[in-house]
Structure formats: C-alpha cells, structure tokens
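The values are calculated or read from the model by the stated rules, or taken from the named source; none is laboratory data. Values in this document were obtained by computation on a predicted structure and should not be read as measured data. Positions of Cβ are backbone-derived with ideal geometry, glycine not excepted, and every protein chain shown enters the neighbour counts. These accessible areas exclude ligands, DNA and RNA; they are computed on the full protein's heavy atoms, side chains included. Shrake-Rupley method; radii C 1.70, N 1.55, O 1.52, S 1.80 Å.
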Amino acid sequence: LRPAGAGAVGAGAGAAAPSITAYAHAASGVSVSFAFAKPPGQPAITEVRAAYTCSGAAAVRDFSLQAAVPKYMQLRLEPASSTTLSPGGPAATQRLLVNNTQHGAKPLIMRLRVSFVPHGGPKVEETVEVSNLPPGL
C-alpha cells in the first residue's frame, strides 16, 4: 500500500486524496484505513486501497470487510490479502473500486460491515457509515 499523494482529487492524472481512518475498534486495536486514487481520465472511478491493522495485544482472526454503496454507484471488492491481523504485523490489504455514475452531482458515500474474532473473545460484528470521506471523490 503506497501512501496517498498530495494532489487534489480530480486534479489530473492519478490524483489522490488524504488517507482516512474509516473504522476503529478500541478494545481489540483493529483499525481500517483508506487511501484513495483516481485513475487518469476516469473522474467517476475511485480506487480505495484499504489497510487493516491490529495494534492490540493479540491477533484477531476471521477478519472480513463488506462495503455497500447507493444504487447509483457500482462497487467491486477484490479479495483481502489476509483474514488474520497480527499485532504490529504487516497490514492486510484490499482494493475496492467504486464507479460513481453521479460524480460531480452526488458525493461518494459508503457503509461498512466489519467482522472479526478477537483472541479469547466473542465475534465482533459492526456496521458503520463512513462519514469522513474526502470531498470530490
């Protein structure tokens, strides 16, 4: 996962937006961060590079992220690189591609369902709306 560039969204080929934390679970240390990129010449397409990390004391297993967007958008999720998140280990990554057919008229919005099993604990399953997406996506 490469860091998002400093260019403004929509400002030419390969423009990127700042990275955001889309989800954080304090008790387990699990967090989901998003970095964004716009393919050259395709302003309606947003590439979301998700990184999943664990800063807790123990690994979590069976990590899964599902995403939903409004009907006027199309979403493609590629497989995640891992379903186990080790404390301080490398991030698991996943690529999401969003086509906003109403780009310029309606902003990108997304809902996430995150589930995982913390070490020694019951399954965690939460649904959150990502409300801090950068404008212009």
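Of note:
- Dipole size of the chain about its Cα centre, with +1 on Lys/Arg Cβ and -1 on Asp/Glu Cβ: approximately 220 debye, rounded to the nearest 20.
- Residue order for 109, 45, 20 - accessible surface, 1.4 angstrom probe, largest first: 109, 45, 20
- Per-atom-type breakdown for the chain gives carbon and sulfur 53% of the accessible area (1.4 Å probe, protein chains only).
- Options 81, 46, 66, ranked by Cα towards positive dipole end of the chain, top entry (Cβ charges): 46
- The chain - accessible surface per residue (Å², probe 1.4 Å): 52
- Euclidean distance between Cα centres, the stretch 96-137 to the stretch 31-56, Å: 11
- The stretch 56-64 - phi-based ³J(HN,Hα) in whole Hz, Karplus 6.51/-1.76/1.60, Gly and Pro as x: x, 7, 9, 5, 10, 10, 6, 5, 9
- Solvent accessible area, Å² - residue 103, 1.4 Å probe, full protein context: 70
- Relative contact order of the stretch 15-58, pairs being alpha-carbon contacts under 8 Å that are 6 or more residues apart, as %: 38
- Derived scalar couplings ³J(HN,Hα) [the stretch 82-97; Karplus, 6.51 cos²θ - 1.76 cosθ + 1.60; whole Hz; x for Gly, Pro]: 7, 10, 10, 10, 8, x, x, x, x, 5, 7, 10, 8, 10, 10, 10
- Zero-based 10 Å bins, Cα pair distances in the chain, whole percents: 12, 43, 31, 12, 2
- Accessible area (Å², 1.4 Å probe, nearest 10) - residue 123: 130
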